[in-house]
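The structure appears below as structure tokens.
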């Protein structure tokens, strides 16, 4: 098991101005700026025996500069208009311009073209040396939305928006697919920011004791950014067209002044086209979570004491396991097995603050998180029944 971390410095600011255009129209506009200095990564390797026996991360090896330090700055200009066409109909729309600047000095990647590093004497440092460079990216994105109040309590909405974001440079710079042919100036698709088109439609309702929301979404990108396993079992960043879609629903109910109940359901799926040939494959479970259902029951036992039970159900997912990648291997190494947990939380007003007593995994179920299973680490179980006590004082 390894743990990777890096230091980061950042500063920035935002200016936004709210300008009324009329009694029913309003314009919000402004600019924001951020500068980041991301330090070189430090990777620590744990003693597997100590971790398995006692759950202690005991460092036995440390590797510095496996991913390089780099600078990233961003400038954004934006404007957002909202127009209350009538008491029941609202329109909104806007645009945003983003400009990113990126720079990195010469460095040596984690692997050479054969993915050798520490345990193979054939590691080719010259092949893994990347010349430094600078890149600039910019784009303009748009959004438009509408809300229609069917009744004062029930609203229907539809939105289209675009997002523009840079990839995970720290992961990609340290693990480029082919180091000898990778260059800061020339690998345009590898470093290009991701632009996403997002479509959403749904309903929202709010009554005195009942609130609900239901929404469906569909997202597309011509240049997605996902971590995938190569033929050496190494996670690398893949850039490919992708689409993600799903449904989300929530329901809350207050049957009395002291009881509250609620639930949230989410389902999503997605595919990518790594060869850009129109043949889409399921995304792995790093990117797509199985169906999830949460629920809670809360009781205000006294004015200063509340008790809450919350439930989490995560379903199975075998779609990516049953599908094969270009090498003929399953996209997921194993099918994802679902699990169920219950937590108990009690809050007590005490001495000007709040005493919280919690029991996580109340039923002491043994399970591995979706992330661990997707990482072929399904033997790494999550903590069993755990008691926590904390006191929070606010002033």
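Would you check if residue 225 is part of a strand (DSSP E or B), closer than 21 Å to residue 370 by Cα and touching a residue at least 12 places away in the same chain (Cβ under 8 Å)?
yes
Check 265, 182 and return the single one that is surrounded by 14 or more Cβ atoms within 10 Å (Cβ to Cβ), in contact (Cβ under 8 Å) with a residue 40 or more places away in the chain and either over 21 Å from the mean Cα position of the chain (by Cα) or farther than 30 Å from residue 126 by Cβ (or both).
From the options 265, 182, the qualifying one is 182.
Having 2 or more residues that are within 30 Å of residue 161 (Cα to Cα) and either in contact with a strand residue (DSSP E or B) (Cβ under 6 Å, 6 or more places away or on another chain) or modelled with pLDDT of 95 or more (or both) is the bar; report the strands (runs of 3 or more DSSP E) wholly within the stretch 1-108 that clear it.
Of the strands (runs of 3 or more DSSP E) lying wholly inside the stretch 1-108, those with at least 2 residues that are within 30 Å of residue 161 (Cα to Cα) and either in contact with a strand residue (DSSP E or B) (Cβ under 6 Å, 6 or more places away or on another chain) or modelled with pLDDT of 95 or more (or both) span 8-20, 25-38, 70-84, 89-104.
So which of 309, 350, 283, 324 is closer than 23 Å to residue 392 by Cα and either in contact with a helix residue (DSSP H, G or I) (Cβ under 8 Å, 6 or more places away or on another chain) or at pLDDT below 95 (or both)?
350
Would you mind telling me which numbered condition in (1) modelled with pLDDT under 95; (2) out of contact with any helix residue (DSSP H, G or I) (no Cβ under 7 Å at 6 or more places or on another chain); (3) not in a strand (DSSP E or B) residue 151 fails?
Of the numbered conditions (1) modelled with pLDDT under 95; (2) out of contact with any helix residue (DSSP H, G or I) (no Cβ under 7 Å at 6 or more places or on another chain); (3) not in a strand (DSSP E or B), the odd one out for residue 151 is (1).
Taking the stated definitions as given, is residue 180 within 23 Å of residue 105 (Cα to Cα) and either in a strand (DSSP E or B) or at pLDDT below 90 (or both)?
Spelling it out, residue 180 is indeed within 23 Å of residue 105 (Cα to Cα) and either in a strand (DSSP E or B) or at pLDDT below 90 (or both).
For residue 367, indicate whether it is outside any strand (DSSP E or B), free of Cβ contacts under 8 Å to residues at least 40 places away in the same chain, over 21 Å from the mean Cα position of the chain (by Cα) and surrounded by 15 or more Cβ atoms within 10 Å (Cβ to Cβ).
yes
For residues that are out of contact with any strand residue (DSSP E or B) (no Cβ under 8 Å at 6 or more places or on another chain), surrounded by 15 or more Cβ atoms within 10 Å (Cβ to Cβ) and modelled with pLDDT of 85 or more, tally how many sit in the stretch 373-389.
Counting residues in the stretch 373-389 that are out of contact with any strand residue (DSSP E or B) (no Cβ under 8 Å at 6 or more places or on another chain), surrounded by 15 or more Cβ atoms within 10 Å (Cβ to Cβ) and modelled with pLDDT of 85 or more gives 1.
Mind listing just one residue for me: the one in the stretch 185-211 that is under 22 Å from the mean Cα position of the chain (by Cα) and part of a loop (DSSP other than H, G, I, E, B) and, of those, modelled with the highest pLDDT?
So the residue we want is 193.
Determine whether the stretch 165-173 contains at least one residue that is under 24 Å from residue 99 (Cα atoms), surrounded by fewer than 16 Cβ atoms within 10 Å (Cβ to Cβ) and either in contact with a strand residue (DSSP E or B) (Cβ under 6 Å, 6 or more places away or on another chain) or at pLDDT below 75 (or both).
Yes.
State whether one or more residues within the stretch 297-310 are in contact with a strand residue (DSSP E or B) (Cβ under 6 Å, 6 or more places away or on another chain) and closer than 16 Å to residue 229 by Cβ.
no
The values are calculated or read from the model by the stated rules, or taken from the named source; none is laboratory data. Here the structure is a predicted model, which is why all the values come from computation and not from measurement. Reconstructed Cβ throughout: ideal geometry from the backbone, glycine too, with neighbour counts over all protein chains shown.
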